[in-house]
Amino acid sequence: MNPADQASEQELIAKAKAGNAEAWGELYRQHAPAIFRFCRRAMHAREDAEDATMDIFIKVRQKLSQYDSSRPFNAWLYTVAANHCWDLLRRRRGRQDLETGEIENMPLEHPDPGQLEQLIEKSSSQEVRRALDQLPARARMALVLRYYSDMSYDDVAATLGVRRAFVGVVLLRARHQLRDILGGRGVDGGTS
Amino acid sequence: MIHFDEMACLLYLEGQLEPSREREMALHIGECDTCRTLLHALERESHVLAVALTEDNEPMPARLLSTRSWGVPSWVWTLAFGGFALGAYWLWAGTVDPWLQQLSNAGFGGTDFMSMLVFSGAFWEGWSYMIEVLQVLALVIVGIAAIGLLRRRFRRHTAIAVVMSVMALALALPQRAAATELRHDESVLVPATEVIHTDLIVSGASVRVDGTVEGDLIAFTGMLIVTGHVTGDIIAFAGQMRMEGTVDGNVRVISHTVSIDGSVSKNVTYIGNTFDLTERGQVGGSLISIAGDADVDGHIHRDVLGMIRRTHLDGGIGGQMWLRGRNLTIGQTAEIGGSAIFSGSRKPVVASGAKLASPLHIETQEEERREMFEAIRVIVNEIVGFGAALLLGVLLVTVVPGFFHATLRETGRIGVPIGVGAVALLISVFLLALGILLIFVGVGAGVAGVLGYAPILYVSQVFVGAWLGSRILGETSSTTGAIIGRIAVGLLILHVAGLIPVLGGLIWLAVALWGTGAVLLGFYRMSRAEPAVLSA
């Protein structure tokens, strides 16, 4: 986003904070599609994603006064969205995912670079999305946070409630599970 | 050569390695083909992941995009609820109340008619207990619903909804007294010397009660004769019944013929062919009957409400009389204490000596024409009903699309809205009972809020119809025309199916429960979403 756009967005936010409905509507129009897509990637069902999108914007509206304008609005929005979705997933699934200790101790097969290249080349985006849907909640969420929202390792760690040092492990394990699904071997270890 | 592992390669790619380790790796990959290839593969994988995740492959749902309802502030929803209440009041003031007034003028005033039907136990004495139970239950339900709303986890409470539905069903069933004696034989006789200190349920080819039953007598028999004393009610399903004794409660009978030659302290409800109240026969309360012939020579202390083909009255009626049938003959010894109205195809015969408190009001009709008009009326009603519901659907889709889609989505969840609808029905029954009580003490306006339920009931068919149409024609994205088409198809099916006897009634009941639940959930969704997200 260029400085002019940033200034314009900050102006909108300031107006929305002051209770300007049109400004809020504009902010919503600008960001709702991306947040819906984020929710769609994070949640299994479309209905859940729709509900989550609405709920996230309700929260954002309520917490708008707490937003620190020195931070990018987009990043803050994704943090709220990520926390909301992860909270929902956790409450619904319970602690079914493997704990970090178990993840740490689980050995990962070293990939053959050639085979990995081949697998990547033959997989379409649609196949990757389908495979993502089959991943355990934490693995899917980690990939979404990192590669959709472009969150830092610190933010991913804070959202998922794991130590920063384990974020890489969670991501790598998620990639392995994804490869297994794409390669027709199904998910190992984790549960969804 | 020692290679770096995949973890290190990933962290290197993502810029997460310590600076010294990063430098070490940068040097290594300059010399190592294996690690360089792995890095490249991981980089490609990151790219593929990012593309797959960020690709805009799915449009925003209509309810999230619905700009027409943007800026609708929360007070609009409050106003909408107010509008519903006003509409309900209009419905009451314009339709229900005049109808009751007409009945009142015809001799069945609110106190007599409604209380006779509902509260005095003409049909079932358990009403008063049921209302008490409903009051408690309504509070419990409101509590549970409030908890559900606060937790914002409706979807996870399908089990609660199912339990509520079961409770609604259980409440709809009459509860019998716990202490009951059962007797079954070819011929059952309760001799004059016997006293049964509880309810008696009896079945057999013939049943004769000469003794005393200190409770209710429930009989399933070909021939029932009661010459003794029943302190409770008589409920009978019999070929013939003759009552020559004393009943302290009500008599409710479905039989071919019934003859009352004794005394009934409360009301008589009869469905069958021939009703005979002999000269010695006394009914302390009212008579409600659907019968072929009725001969009333005895005395009925309160009102008579009947759909009877031929009625011959030589006895007395202390209250008012409303009869619908073909023939009415009022003999010279007859007496009617209140107003009397007869609606039938032939002119009634009134003997000159008959003592009527007011002149008999006669409404004669040509039956055949009436039946034909009735059939036309039913068809026209259905067509108008279909058109009105479709129009309502079109209005909802175009004026409040957000609400429409939210509610339609709730309709698709089937179990939850039906459960919520059942809960709403329970609460509304309780409120309705309360409303009727208010009417009796003259606070008619008090029912305006109660009847807010009626418009929701009406709207419910639109959403169930839309859902049904979508199932048949397939899901549609959001074009208004396609949605209206689906509403039309669904409504058409519902209205045609609704004409089927019995099944049609059950269908409408299901639609009412299902749609009401969906509408309430839709309101709930919108009341949460609209003000916060889209408006100030």
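Just so you know, all these numbers are worked out from the coordinates, no wet-lab data involved. Please read these numbers as outputs of a predicted model, since none were measured by experiment. Cβ coordinates were reconstructed from backbone atoms using ideal geometry, including for glycine residues, and neighbour counts include every protein chain displayed.
Table for the structure above
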read-out	value
Gyration tensor (Cα) of region B:266-349, equivalent ellipsoid semi-axes in angstrom	17, 14, 12
Residue order, fewest to most beta carbons within 10 Å, for A:CYS85, B:CYS35	B:CYS35, A:CYS85
Highest-first arrangement of B:481-493, B:404-416, where packing means the average Cβ count within 10 Å	B:404-416, B:481-493
Label point 7 Å beyond Cα of A:SER65 along Cβ direction - residues of region A:15-31 with amide nitrogen under 14 Å	A:16-20
Sequence of A:PHE38, A:PHE166 once ranked by neighbouring C-beta atoms within 10 Å, starting from the fewest	A:PHE166, A:PHE38
Extension gain (nm, one decimal) between B:THR193 and B:ASN381, 0.36 nm per residue minus Cα-Cα	61.7 nm
Residue-averaged beta-carbon neighbours from other chains (10 angstrom radius) around A:44-54	4
For A:PHE36, B:PHE342, order by how many other beta-carbon atoms lie within 10 Å, fewest first	B:PHE342, A:PHE36
Gaussian network model of chain A, Cα within-10 Å springs - most flexible of A:ASP155, A:ASP51, A:ASP68	A:ASP68
For B:GLU181, residues with placed amide H under 5 Å, excluding near neighbours	B:ASP199, B:LEU200, B:ILE201
